[in-house]
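Before any comments, here is the structure.
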């Protein structure tokens, strides 16, 4: 990925991080949405936006509401990022936090934790 694409990814993520908190959908507003990363295609026509902020049981509705608000979010990108063409937004639920909690639970379980020995 070249420097320009990295800059655009960072700028879009910065703008969308603020804009998703302003979406007026009750599902999105009540779940503290967070943009974890963005990925632009090489021709800059599509942007995959990874979001988290709700439990995985509500992920489908969460993504659907964000997709409905994509026009508003694209207008925010147009205002905040200098681009010739504003990319179409594709939203993907990022479950890496759920995965982290699962792994952390396994590590902290009784069968996995080893006691430290004092070797002095």
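Out of all the residues in region 29-43, which are in contact with a strand residue (DSSP E or B) (Cβ under 9 Å, 6 or more places away or on another chain) and either at pLDDT 90 or above or in a helix (DSSP H, G or I) (or both)? If the condition is that a residue be in contact with a strand residue (DSSP E or B) (Cβ under 9 Å, 6 or more places away or on another chain) and either at pLDDT 90 or above or in a helix (DSSP H, G or I) (or both), then 35, 36, 37, 38, 39, 40, 41 are the ones that fit. For region 43-98, which residues satisfy the criterion of being at positive phi and in contact (Cβ under 8 Å) with a residue 60 or more places away in the chain? Listed by number, the list is empty, since nothing qualifies.
Residues of region 102-109 include none that is more than 24 Å from residue 3 (Cα to Cα) and touching a residue at least 12 places away in the same chain (Cβ under 8 Å). Within region 1-18, the residues that satisfy the criterion of being in contact (Cβ under 8 Å) with a residue 60 or more places away in the chain and either exposed (fewer than 14 other Cβ atoms within 10 Å of the Cβ) or within 18 Å of residue 72 (Cα to Cα) (or both) are 11, 12, 14, 15, 16.
With respect to the conditions (1) buried (at least 16 other Cβ atoms within 10 Å of the Cβ); (2) over 15 Å from the mean Cα position of the chain (by Cα); (3) free of Cβ contacts under 8 Å to residues at least 40 places away in the same chain, residue 33 lacks only one, and its number is (2).
So which residues in region 45-62 are modelled with pLDDT of 90 or more and either surrounded by fewer than 19 Cβ atoms within 10 Å (Cβ to Cβ) or part of a loop (DSSP other than H, G, I, E, B) (or both)?
45, 46, 48, 50
Every residue, every condition in (1) loosely packed, with under 14 Cβ neighbours inside 10 Å; (2) under 23 Å from residue 34 (Cα atoms); (3) at pLDDT 75 or above; (4) touching a helix residue (DSSP H, G or I) at 6+ places or on another chain (Cβ under 7 Å), yes or no:
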{"position": "76", "(1), (2), (3), (4)": "no, yes, yes, yes"}
{"position": "79", "(1), (2), (3), (4)": "yes, yes, yes, no"}
{"position": "84", "(1), (2), (3), (4)": "yes, no, yes, no"}
{"position": "90", "(1), (2), (3), (4)": "no, yes, yes, no"}
{"position": "104", "(1), (2), (3), (4)": "yes, yes, yes, no"}
{"position": "110", "(1), (2), (3), (4)": "yes, no, no, no"}
{"position": "114", "(1), (2), (3), (4)": "yes, no, no, no"}
{"position": "118", "(1), (2), (3), (4)": "yes, no, no, no"}
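Mind checking whether some residue in region 12-22 is at pLDDT 85 or above, in contact with a helix residue (DSSP H, G or I) (Cβ under 8 Å, 6 or more places away or on another chain) and closer than 13 Å to residue 94 by Cα? The answer is no; no qualifying residue exists. Among the residues making up region 63-85, a single one is within 16 Å of the chain's Cα centre (by Cα) and not in a helix (DSSP H, G or I): 69.
Filtering region 24-46 to residues that are closer than 23 Å to residue 11 by Cβ and touching a helix residue (DSSP H, G or I) at 6+ places or on another chain (Cβ under 6 Å) leaves 28, 33, 35, 38, 40.
The values are calculated or read from the model by the stated rules, or taken from the named source; none is laboratory data. As the structure is a prediction and not an experimental result, all values here were calculated from the model. Positions of Cβ are backbone-derived with ideal geometry, glycine not excepted, and every protein chain shown enters the neighbour counts.
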